[in-house]
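**Student:** The following block contains the structure, expressed as structure tokens.
The values are calculated or read from the model by the stated rules, or taken from the named source; none is laboratory data. A quick note: this is a predicted structure, and the numbers were derived from the prediction, not measured. In this analysis, Cβ positions are derived from the backbone assuming ideal geometry, glycine residues included, and neighbour counts consider all displayed protein chains. Side chains included, ligands, DNA and RNA excluded: accessible areas come from the protein's heavy atoms. Shrake-Rupley method; radii C 1.70, N 1.55, O 1.52, S 1.80 Å.
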Number of protein chains: 2
Amino acid sequence: MALGTGYEQQGCHLARALEVVGERWTLLILRDCFYGVRRFTDLREHLDISRAVLTDRLDTLVANGVLTREDSDGHPEYLLTETGRALWPTIFSLSKWGERHTSGPHPARLFSHAACDTDIDDVGHCHTCGEVPGPEDLVVRPGPGTNAMRRSDRVARALERPHRMLTPIDTASGPAGG
Amino acid sequence: MALGTGYEQQGCHLARALEVVGERWTLLILRDCFYGVRRFTDLREHLDISRAVLTDRLDTLVANGVLTREDSDGHPEYLLTETGRALWPTIFSLSKWGERHTSGPHPARLFSHAACDTDIDDVGHCHTCGEVPGPEDLVVRPGPGTNAMRRSDRVARALERPHRMLTPIDTASGPAGG
DNA sequence: CAGACTTGGTCTGGTGAACAGACCGGATCG
DNA sequence: CGATCCGGTCTGTTCACCAGACCAAGTCTG
């Protein structure tokens, strides 16, 4: 619980939202889910997060209907629900803010509208189609700021190539090291 | 620091953003700043937050260029910078998400475009003007979900009436109690 | 000027969360 | 049958948050 019992007094939807997704690591976990990461070990390796905390966050997200936990091939897979997918504007805008205002000027990731191959702008708008595509219609690829990332885990390696959001990350293409 | 030193390995703008605004209370403080709250005591009363934590969060936000600390009439005032104002889409979308997906169906606050008096939609769009107004062009007023709030502090009372965002909250209109 | 009050903090002791890392049970591989 | 992978749980330490006491500067009252 990010705010203890405070949200009751707040009576505010923002406080309630922060109860669910405002804890440490949670938005980073969800960002990875949008990228297509679905498995415990992939999340753990990519985020370098403690197992206990990852377990707790996933449990919280499942309990709040943001993720589902499904068995696939004997392994659990964590998938975004519709509620979870609705967080994309928040994650996108916060990431853009970080890019603009706290980091270097170069985006680490670029997002393009899969239907027309146009890069979306800072508010997620596709100028070719005149719409704001949902995350399922976006392709993520490395941007000029990517050199800031020196991670060699399987997720980071898979994201070195363009990848359709929400489709599974291919983590079977080789060992973690490299 | 919300993520310790983790953001270095992440090389990700979202992680860097969360370093700045991802700590407990921070987004609620900033929401209040958008509403026009500027003073330490008003923030403390409205959020019911410990003095030490509020001090720490304000210092962090000032140090990261999200707020400025200025003296007005002998008292410090905390004001959003341009960088801070750029967080509005994030706060708005997360609040909308909380409204839709974690709380009741009724918005606690409604936002209208001051120029044309039209309520903005869930993505912040004004259908009359065909644009997405910035926070300085919005008026906030209580919505049908407001009854969930039973706070009687001065900020809550001031927000019982429509209020132009980013203009100072009038907290001198009476004592805190009611 | 004394004394009370407001404002904007700092300091302290207790509690809960996050961390690194050990351990573990089931499945799969060789 | 042992080794490895996967998805966790458990443990001891560190760290952040909390309530609440304390404090200094200003300021209102007389």
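**Student:** Rounded, prolate or oblate, given the Cα gyration tensor of the stretch A:87-164, with a/c below 1.5 counting as rounded?
**Tutor:** Taking the square roots of the gyration eigenvalues as a ≥ b ≥ c, the stretch A:87-164 is oblate.
**Student:** Using a 1.4 angstrom probe and counting only protein chains, how large is the accessible area of B:Thr68 in Å², to 10?
**Tutor:** Roughly 50 Å² of B:Thr68 is accessible to a 1.4 Å probe.
**Student:** A follow-up question, please. Taking each residue in B:21-32, count the Cβ atoms of any other chain within 10 Å of its Cβ, then average. What number comes out?
**Tutor:** Counting Cβ atoms of other protein chains within 10 Å of each residue's Cβ and averaging gives 5.
**Student:** Return the carbon/sulfur percentage of the accessible area of chain A, one whole number, probe 1.4 Å, all protein chains in place.
**Tutor:** Whole-percent figure for carbon plus sulfur exposure: 47.
**Student:** Something else: Determine the shielding of peptide B:86-93 by partner chains: average, over its residues, the number of Cβ atoms on other chains within 10 angstrom of each Cβ.
**Tutor:** 6
**Student:** Turning to a different aspect of this structure: Nearest 0.05, what FRET efficiency do B:Thr68 and B:Asp170 give at R0 = 22 Å with Cβ-Cβ as r?
**Tutor:** 0.55
**Student:** Continuing with the same structure: Which three extents, in angstrom, do the Cα atoms of the protein assembly as shown have along their principal axes, listed largest first?
**Tutor:** Extents along the principal axes: 67, 44, 37 Å.
**Student:** Checking a compactness column here: for chain A, what do you get for Rg(Cα) / (2.2 N^0.38 Å), N being the number of residues?
**Tutor:** Taking N as the residue count of chain A, the ratio is 1.05.
**Student:** Using the crude model of +1 on Lys and Arg Cβ and -1 on Asp and Glu Cβ, and no other charge, please compute the dipole size for the stretch B:6-84 relative to its Cα centre, in debye to 20.
**Tutor:** I would put it at about 180 debye.
**Student:** If you don't mind, there's one more thing I want to ask. Under a Cβ-Cβ cut-off of 13 Å, what is the net charge of the residues other than A:Ile120 that fall near it, where Lys and Arg count +1 and Asp and Glu count -1?
**Tutor:** Net local charge, A:Ile120 excluded: -3.
**Student:** Skip the ligands, DNA and RNA, and give the accessible area per residue of the stretch B:88-164 with a 1.4 Å probe, whole Å².
**Tutor:** 48
**Student:** Taking the Cα centre of the protein assembly as shown as origin and charging only Cβ (+1 Lys, Arg; -1 Asp, Glu), how large is the dipole, in debye to the nearest 20?
**Tutor:** For this selection, approximately 520 debye.
**Student:** Given A:Gly104, A:Ile120, A:Pro89, which one lies farthest toward the positive end of the charge dipole of the stretch A:87-164, if we put +1 on the Cβ of every Lys and Arg and -1 on the Cβ of every Asp and Glu?
**Tutor:** Projecting each Cα onto the dipole axis, the largest value belongs to A:Gly104.
**Student:** Okay, moving on. For the stretch A:66-125, take the convex hull of the Cα atoms, compute a quarter of its surface area, and give me that in nm², please.
**Tutor:** One quarter of the hull surface, i.e. the mean projection, equals 5.9 nm².
**Student:** If you count only protein heavy atoms and use a 1.4 Å probe, how large is the accessible surface of B:Thr81, to the nearest 10 Å²?
**Tutor:** Number for this one is 30 Å².
**Student:** On a 1.4 Å probe surface of the protein chains, which of B:Val20, A:Val53 comes out largest in accessible area, and what is the full order?
**Tutor:** A:Val53, B:Val20
**Student:** Moving on. Kindly write out, for the stretch B:14-23 in residue order, the coupling ³J(HN,Hα) from the Karplus curve 6.51 cos²θ - 1.76 cosθ + 1.60 (θ = phi - 60°), rounded to whole Hz, with x marking Gly and Pro.
**Tutor:** Once θ is set to phi - 60°, the couplings for the stretch B:14-23 become 5, 4, 5, 4, 5, 4, 8, 10, x, 6 Hz.
**Student:** May I pose another question? How much accessible surface area, in Å² rounded to 10, belongs to the heavy atoms of B:Glu82 with a 1.4 Å probe?
**Tutor:** 140
**Student:** Residue by residue, what Karplus-based ³J(HN,Hα) values in Hz, rounded to whole numbers, does the stretch A:42-59 have, using 6.51, -1.76 and 1.60 with θ = phi - 60° and x for Gly and Pro?
**Tutor:** Karplus values, whole Hz, x for Gly and Pro: 5, 4, 4, 5, 5, 8, 6, 10, 5, 4, 4, 5, 4, 4, 4, 5, 5, 4.
**Student:** Suppose only helical runs count, i.e. DSSP H with n ≥ 4. What mean residue ellipticity at 222 nm does that imply for the protein assembly as shown under -39500 (n - 2.57) per run, divided by all residues and rounded to the nearest 500 deg cm²/dmol?
**Tutor:** It lands at -10500 deg cm²/dmol.
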